[in-house]
Amino acid sequence: MVVLSELYGVSVDWILKGKEFDKRENIKEVKSMLDDDLQFIEKTLKQIMRSNDPDLKSWAKVQFKFAFGDYLRKLEQKE
């Protein structure tokens, strides 16, 4: 199929499906999904950290460090 694609100047997707595959559309879908998740996480963390409950804030910080500790250590090593 790659040979036919190159020979006729069409994409493999066009050969297989009869239409071009639009990578931008899939990227938009993934980005939208990630944006929704990120917005939810950000909203939740902001609510917790704006709370007047110091125990809740401390708990959130500990949980964050516990959940992302490995990642945070790797970031520190890169710096």
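The values are calculated or read from the model by the stated rules, or taken from the named source; none is laboratory data. Predicted model, so just to flag it, every value in this text is computed and none were measured. Heads up, the Cβs are rebuilt from the backbone with ideal geometry, glycines too, and the neighbour counts pull from every protein chain shown.
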Does Arg73 fit the bill of being modelled with pLDDT of 85 or more and of a type outside the set (A, V, I, L, M, F, W, C)? yes
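At pLDDT below 90 and in a helix (DSSP H, G or I): which single residue out of Leu45, Leu38 fits that description? Don't jump to the end; show me each part of the working.
Values: Leu45 fails: at pLDDT below 90.
Result: Leu38 is the single residue among Leu45, Leu38 that is at pLDDT below 90 and in a helix (DSSP H, G or I).
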Quick one: is Trp59 modelled with pLDDT of 70 or more, surrounded by 11 or more Cβ atoms within 10 Å (Cβ to Cβ) and assigned to a helix (DSSP H, G or I)? yes
